[in-house]
Amino acid sequence: MARRSRKVDVGPERKIFCNRTLNLRSIKAVGYDMDYTLIHYHVEKWERRSFVHMKRKLASQGWPVDELRFDPKAVQRGLIIDLELGNILKANQFGYVKHASHGSRMLDFDTLKQTYAETVVDLAGPRFVFLNTLFSLSEASMYSQLVDLLDADKTPQRLGYSDLYREVKMVLDAAHVEGRLKAEIVAHPERFVELDPEIPKALLDQKRAGKKLLLITNSEWSYTLAMMAYAFDRYLPKGMIWRDLFDLVIVAARKPEFFLGEQPFFEIANEEGLLAPVVGQPKPGSIFHGGHAGAVESMFDLRGSQILYVGDHAYGDVHVSKNIRRWRTALVVRELEEEIGAEERFSMEHIQLIALMNKKIAAERELSQLRLRIQNKKQGLAPAQELNLRALENKLRKARSGLLVLDEQLAPLAQASGSLGNERWGMLMASGNDMSYFARQVLRHADIYTSRVSNLLHETPFAFFRAHRSLMPHERSLT
Ligand SMILES: [Mg+2]
């Protein structure tokens with residue numbers, strides 16, 4: 001049987017990574033987001049179209065945007081927009097800014113230091129905007145190019161950097177609200193959707209294992225229907241359609257409010273999406289517009305910890321569901337596949353880089369020791385057997401030039417390592433030697449994370465994901 005021959009050995013880029021131990025057997029319901037979770041889009045194609053729609057809208061309002069082009073390499077998920085200075089930032093896990101661009105230009109090291117040495121990114125305030133999903137790329141690319149226009153005094157109105165961002169948001173929402181983009185995708189899903197036959201199979205396994213399956217999406221009904229039918233029905237057993245997989249479908253969920261508030265439920269009464277009020281308690285088996293997480297728990301008589309929610313939005317899908325409702329969480333991070341591949345291809349250089357870094361650390365330590373010996377010698381504090389000053393200074397010169405040679409060897413390797421993933425910004429999960437701000441969000445809010453939902457197929461609905469204990473620096477030095 002095909003089922004027995006299923007390949008269980010997947011490459012590292014398709015593995016499930018675990019931050020907090022999760023036993024799938026104790027999960028009674030699995031909720032799924034749709035866009036970029038159950039349905040994966042060609043990011044570049046989608047964002048390019050979104051950019052075109054924004055441009056058209058801006059042009060109609062008199063903006064000189066003709067020359068602007070979406071540049072997929074100029075931005076990545078997990079970056080942060082600084083509304084005060086009109087910059088785009090990459091921060092490390094502590095919120096310190098490690099890379100920044102103003103408009104389309106990267107800030108050099110000294111400017112970066114001068115601007116941000118005392119700044120810690122804090123998303124709670126109004127100054128910073130976090131790029132949570134792959135849908136944010138066109139927005140950030142547009143914003144940075146409009147900053148160039150603003151600086152060149154070419155915008156139709158005089159605006160601050162923060163007002164400029166509001167304009168971009170308004171235009172982006174208008175593009176979405178008008179539904180032009182989505183209408184295009186519904187008309188030609190084959191151009192935009194990357195099909196994955198294993199996703200419906202993974203969900204089928206979960207359903208057969210007795211888990212309740214929930215679809216909870218912010219997308220509207222007509223769009224959800226078109227996308228799910230396109231991406232799922234062809235891979236399901238004969239006579240089954242996507243709706244048969246789910247015990248509950250909620251569209252227009254308005255996450256994150258879905259997890260926070262008590263929005264009313266409306267029932268989708270027919271295929272055209274006619275809304276009908278819900279009389280009494282909402283019941284499983286229906287398709288709803290709106291609603292809230294608390295009612296979903298009571299509908300299935302489940303506690304938060306018995307529900308796993310799988311989504312790609314670092315805030316709307318996993319942060320609030322975990323922090324407010326205590327649902328278990330899985331984050332879909334598609335970029336992992338490319339980044340893990342890039343890291344693997346770099347592994348030989350990486351070993352070299354570590355060896356050279358260790359040499360540099362030893363050389364720096366030697367240099368510090370020599371500096372102290374010279375200081376002691378000059379102040380008459382050196383022991384009797386100490387070398388004379390000239391010999392010590394010779395040693396210091398040699399050590400310094402040795403360090404320079406090491407730096408020269410290190411530079412190209414460090415440069416190559418820093419531009420893995422994205423030439424400008426580096427890896428999504430890393431910031432130099434440290435974890436990126438995005439990675440910290442993943443670590444804190446996602447119990448597990450993986451590149452795509454179909455990776456669950458290889459793990460089965462009975463998997464036990466165990467977290468490795470994370471090590472403090474003093475513990476790491478002992479391993
Ligand atoms: Mg999504």
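A few comments on the model shown:
- Scanning region 234-253 for residues that are surrounded by fewer than 22 Cβ atoms within 10 Å (Cβ to Cβ) and touching a helix residue (DSSP H, G or I) at 6+ places or on another chain (Cβ under 6 Å) yields Tyr235, Leu236, Ile241, Leu245.
- Candidate set: region 306-357, residues that are among the small types (Gly, Ala, Ser) and closer than 30 Å to Val129 by Cα; chosen: the one nearest to the ligand (Cβ to nearest atom): Gly311
- Within region 388-416, the set of residues being at pLDDT 95 or above and surrounded by 14 or more Cβ atoms within 10 Å (Cβ to Cβ) comprises Leu392, Glu393, Lys395, Leu396, Ala399, Gly402, Leu403, Leu406, Gln409, Leu410, Leu413.
- Index of the failed condition, Leu413 passing every other in (1) in contact (Cβ under 8 Å) with a residue 60 or more places away in the chain; (2) touching a strand residue (DSSP E or B) at 6+ places or on another chain (Cβ under 8 Å): (2)
- Of residues in region 285-303 being assigned to a helix (DSSP H, G or I) and more than 24 Å from the chain's Cα centre (by Cα), the one surrounded by the most Cβ atoms within 10 Å (Cβ to Cβ): Val296
- Criterion violated by Ser26 - all others in (1) farther than 20 Å from His445 by Cβ; (2) more than 16 Å from the ligand (Cβ to nearest atom); (3) at pLDDT 95 or above satisfied: (1)
- Matching residues in region 134-167 - criterion: being of a type in the set (Val, Ile, Thr) and surrounded by fewer than 22 Cβ atoms within 10 Å (Cβ to Cβ): Thr155
- Met427 satisfies every condition listed in (1) farther than 15 Å from Phe346 by Cα; (2) touching a helix residue (DSSP H, G or I) at 6+ places or on another chain (Cβ under 9 Å) except (1).
- Residues in region 162-199 that are within 20 Å of Ser454 (Cβ to Cβ) and touching a Ser or Thr at 6+ places or on another chain (Cβ under 9 Å): 4 in all.
- Residue among Ser104, Ser141, Ser136 that alone is of a type outside the set (Phe, Trp, Tyr) and in contact with a Lys or Arg (Cβ under 8 Å, 6 or more places away or on another chain): Ser136
- Residues satisfying the stated conditions in region 334-370, i.e. among the basic types (Lys, Arg) and over 15 Å from Gly402 (Cα atoms): Arg334, Arg345
- Only one of Ser141, Ser136 that is away from the ligand (no atom under 16 Å from the Cβ) and hydroxyl-bearing (Ser, Thr, Tyr): Ser141
- Residues in region 79-122 that are under 20 Å from Met427 (Cα atoms), aliphatic (A, V, I, L, M) and touching a residue at least 60 places away in the same chain (Cβ under 8 Å) were compared, and the one that is surrounded by the fewest Cβ atoms within 10 Å (Cβ to Cβ) is Met106.
- Scan region 446-471 for residues that are in a helix (DSSP H, G or I) and crowded, with 21+ Cβ neighbours inside 10 Å and the total you get is 3.
- Counting residues in region 58-71 that are closer than 28 Å to Asp317 by Cβ, of a type in the set (A, V, I, L, M, F, W, C) and without any contact (Cβ under 8 Å) to a residue 40 or more places away in the chain gives zero.
- Per the listing Leu215, Leu204, the residue uniquely in contact (Cβ under 8 Å) with a residue 24 or more places away in the chain, more than 16 Å from the ligand (Cβ to nearest atom) and of a type in the set (A, V, I, L, M, F, W, C) is Leu204.
- Selection from region 361-410 of residues that are of a type in the set (Val, Ile, Thr) and farther than 25 Å from His350 by Cβ: Ile374
- Residue check for Gly273: within 18 Å of Asp35 (Cβ to Cβ) and modelled with pLDDT under 95: yes
- Just one of the listed residues (Val171, Val129) is outside any helix (DSSP H, G or I), β-branched (Val, Ile, Thr) and either in contact with a Lys or Arg (Cβ under 8 Å, 6 or more places away or on another chain) or modelled with pLDDT of 95 or more (or both), namely Val129.
- All positions within region 315-333 that are surrounded by 22 or more Cβ atoms within 10 Å (Cβ to Cβ) and of a type in the set (Gly, Ala, Ser): Ser321, Ala330
The values are calculated or read from the model by the stated rules, or taken from the named source; none is laboratory data. Owing to the predicted nature of the structure, the values given are computational and were not obtained by experimental measurement. Glycine gets a Cβ as well: all are built from the backbone with ideal geometry, and neighbour counts include every protein chain shown.
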